[in-house]
Amino acid sequence: MVDVVLPVLNEAEAIPWVLGRLPQGFRPIVVDNGSTDGSAAIARGLGAEVVTQPVRGFGAACWAGLLAATATTVCFMDCDGSLDPRALPSVSDPVEAGTADLVMGRRRPGRGAWPVHARLANRYLARAVSQRCGVPLRDLGPMRAARRAGLLELGIADRRFGWPLEMVLRAGEAGWRIAEVPVDYLPRSGRSKVTGTVLGTWRAASDMRRLLQ
């Protein structure tokens, strides 16, 4: 069994699609981060474990999901329909097999799936992390997998948008074997809170630049 942490903030439209495509052996943990559209009730009605995290922040939601997880291997992914859960085994299998410690899905965007401003910011950050960690990375994708115990030991402190970057930085410092596998990136349901606007992308990039400094 692999636990899948799904941070959620008003994703009622996408939740049924995401949960309905989870492969067998993957248990969803939906972390509701203050939704007002009934996301938590929808997820609970579809059989997912729902964790409430009233403290706003992507990192806060991911941390709450990690604490709630019980499986040896834990995956993280967005719950907005931009990532197909059927790709999760390709991300988690190397961790389960012991050939990698942190595996991230390198996004292959379809038409209209990734705004230019967000793609450029991601490219800059991935290059900076590669130089810092000595690992060739092309993406800092939100679909990823690692051992739960190892993630807890990393002591990731950021509770905002810097969480994904800090995970990679700390993993690199700890000598983890970091790998990427290709995953399709689809147009999400609704408007992204992060990449949907230049301001949202700037805020996320600011959190990440702070960590790099």
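Here are the numbers for the structure shown:
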| read-out | value |
| --- | --- |
| Of the criteria (1) charged (D, E, K, R); (2) modelled with pLDDT under 95; (3) closer than 22 Å to residue 28 by Cα, which one residue 144 fails | (2) |
| Set 108, 21, 44, 56: member being basic (Lys, Arg), closer than 30 Å to residue 127 by Cα and modelled with pLDDT of 95 or more | 56 |
| Residue 148 being under 28 Å from residue 20 (Cβ atoms) and not polar (S, T, N, Q) | yes |
| Residue ID - nearest to the chain's Cα centre (by Cα), chosen from residues in the range 81-127 that are part of a loop (DSSP other than H, G, I, E, B) and farther than 14 Å from residue 184 by Cα | 101 |
| Inter-residue pairs, beta-carbon under 7 Å, first closer than 21 Å to residue 57 by Cα and in the range 33-47, second acidic (Asp, Glu) and outside any helix (DSSP H, G or I), 6+ apart | 39/11; 39/32; 40/32 |
| Long-range neighbours under 6 Å by Cβ, at least six apart or interchain, first residue touching a residue at least 60 places away in the same chain (Cβ under 8 Å) and on the phi > 0 side of the Ramachandran plot within the range 6-20, second surrounded by fewer than 17 Cβ atoms within 10 Å (Cβ to Cβ) and in a loop (DSSP other than H, G, I, E, B) | 10/37 |
| Criterion (surrounded by fewer than 17 Cβ atoms within 10 Å (Cβ to Cβ) and either closer than 21 Å to residue 180 by Cα or without any contact (Cβ under 8 Å) to a residue 60 or more places away in the chain (or both)) met by exactly one of 132, 111 | 132 |
| Any chance residue 173 is closer than 21 Å to residue 3 by Cα, out of contact with any strand residue (DSSP E or B) (no Cβ under 8 Å at 6 or more places or on another chain), at pLDDT 90 or above and surrounded by fewer than 18 Cβ atoms within 10 Å (Cβ to Cβ) | no |
| The one condition in (1) modelled with pLDDT of 95 or more; (2) farther than 23 Å from residue 67 by Cβ that residue 122 fails to fulfil | (1) |
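Each row is one residue, and each column tells you yes or no for (1) touching a strand residue (DSSP E or B) at 6+ places or on another chain (Cβ under 8 Å); (2) crowded, with 20+ Cβ neighbours inside 10 Å; (3) farther than 20 Å from residue 89 by Cβ.
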site: 6; (1), (2), (3): yes, yes, no
site: 11; (1), (2), (3): no, yes, yes
site: 40; (1), (2), (3): yes, yes, yes
site: 46; (1), (2), (3): no, no, yes
site: 51; (1), (2), (3): yes, yes, yes
site: 54; (1), (2), (3): no, no, yes
site: 65; (1), (2), (3): yes, yes, no
site: 71; (1), (2), (3): yes, no, no
site: 79; (1), (2), (3): yes, yes, no
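The values are calculated or read from the model by the stated rules, or taken from the named source; none is laboratory data. Quick caveat, the model's predicted, so the values are computed rather than measured. Neighbour counts run over all protein chains shown; Cβ positions are idealised from the backbone, glycine included.
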